[in-house]
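The structure appears right after this line, and notes come after that.
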């Protein structure tokens, strides 16, 4: 009772201060007379897992208001993209949600393919699905295990990071790099899966479920963990939709919106999988939805790998897809195409395309306007983080500082995607 | 006197619509839009890559988005994204905003565009309808200097606050125009 009375008092003080400052409260000074504390959570704080700031106004341990400041790693990708040919934009997409770069890469390729009208063969589509689902698993593993770390449980993090390392080894085998993958090309993949890649993938698919099971046993019904996350930072479905939530955060609130099912791309309609949904939209639900999505992703990978069709791994689109390097040295046409593609002199139709994929943390959309030039006229990224992080300041009001950290962690805000 | 060519083209459109479910759906959405807000409200209707795109005036945008949100048949409850755009050559329509709406129930997407002069870049806010519009509008303000009347906190969001220009406008080239070491006769760098 006493706490609530004090809270009502401080709310009034804040309201008065807000009215005085014309509706903009950017607290900077500690107000000792009212016993309020201003706390800077970030920009470099180990619990934010990225560079963004929250200025919290605290009454003791309770948060009264949170003002997020973002843009610390804004790199003006949308502006840079206006100067780059299509294939040079792929590395920019890597650096948005860097926990699941392959999904970003494929999303961008799909956008350009839609604009150009390139048909990608089934094998390449299935290969993409495999890589995208691996990326989703890696993304969810990072989010969930670090949520564990933020509640004080370090062991689970170490268990599953071993597995993330193995996923990165598969990436390395498929495309040559690990974190910022720049995987695939417009029109397909840059090379076929090597036998080693397939072998690594099969080995990992056999070993990973046991680790995941162990991880789930460690957390899912753990009393200490549940006390920290159940009913922390809940959000209703209506609010979540109004705030533009997508991905696991929206599904945790009970809305079964998944781009893979609603607007299937890259042959997702061929696979059988379920959309897990939560009920409360709290931290525990977000955690559980991500865990279940990892199992569903495994199902998809297994189906795609078992049914991987034979055939070419890229479209027959010489105007857009780089010829093999050997051919460039020996073959006139290949040299011409190579030169034209690298110099960005390919013909693009005039038009506008919106293509979205289910990213690690929501609907990742690419809105591309082409005026027929070598670069996009305008490229807009719909970054799920940027859109749902707005709700954070509302979600933390009234909670304690330690809850705020857990909520932030469970929302899976990636600074690279937030700022683009 | 009916124009035979016009009749023919509408007939051709109808048969095309009957064959393509997206086109059929878009035609339905368009007729509903016309009945709700009047035919004169929309111009430049087209469907690039199956996504119904309409252009309207900025006076109507708030009404349209609010009406679509309330509408029981279409249920456009989700504002996917919005972004600014700059066409410096279109006189008195230099700046624009592009809205993407999504009806999650029927899985219909709709793109609405508005254009207005760069000298008067004032647009009504959508923050009273969608909480998610808040940062999207701040981003559009930050990049293009579009002013949203009624926005609760229209400040720069990604760039530093003391920046005195709007960097995504086309008049600001990406690279320093005074540098000569990067000029390339053939590729324009």
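Computed from the coordinates by the stated procedures, all read-outs in this text should not be read as laboratory data. Small disclaimer: the values here were computed from a predicted structure and weren't measured. Heads up, the Cβs are rebuilt from the backbone with ideal geometry, glycines too, and the neighbour counts pull from every protein chain shown.
See the values below:
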read-out	value
Relative pair counts by distance (%), Cα atoms of chain A, 10 Å bins	4, 21, 29, 23, 13, 6, 2, 0, 0
Angle between chain A longest axis and helix A:401-411 axis [Cα atoms, degrees, rounded to 10]	20 degrees
B:87, A:320 arranged by Cβ crowding within 10 Å, fewest neighbours leading	B:87, A:320
C-alpha center-to-center spacing [the stretch B:79-122, the stretch A:357-371] in angstrom	17 Å
Value of relative contact order over the stretch B:21-149, rounded to a whole percent, pairs C-alpha under 8 Å and six or more apart	21 percent
Within 10 Å of each Cβ in B:128-137, the average number of Cβ atoms from other chains	5
Orientation-averaged projected area, Cα convex hull of the stretch B:21-149 (nm²)	7.6 nm²
Listed residues A:260, A:382, A:84, most fluctuating in chain A (Gaussian network, C-alpha, under 10 Å)	A:84
Estimated FRET transfer efficiency (residue A:269, residue A:177; beta-carbon r; R0 22 Å; 0.05)	0.15
Test item: A:340-347 mean partner chain Cβ contacts at 10 Å	1
Beta bridges by DSSP in the stretch B:21-149, antiparallel share as percent, to the nearest 5	70 percent
Sequence of B:123, A:277 once ranked by neighbouring C-beta atoms within 10 Å, starting from the fewest	A:277, B:123
Whole-Å distance, taken between Cα centres, linking the stretch B:19-59 and the stretch A:242-300	31 Å
Acute angle (nearest 10 degrees) that the helix A:195-219 long axis makes with the longest principal axis of chain A, alpha-carbon atoms	20 degrees
Rg/Rh (Cα only; Kirkwood hydrodynamic radius) as it applies to the stretch A:164-218	1.08
Chain A: most fluctuating residue of A:100, A:267, A:410 per GNM, C-alpha cutoff 10 Å	A:267
Degrees separating the helix A:283-306 axis from the principal Cα axis of chain A, which is the longest one	10 degrees
Stokes-Einstein translational diffusion, the stretch A:218-367 - Kirkwood Rh over all Cα pairs, 0.692 mPa s, 37 °C, in µm²/s	173 µm²/s
GNM flexibility winner over chain A from A:244, A:117, A:254 (Cα, springs under 10 Å)	A:117
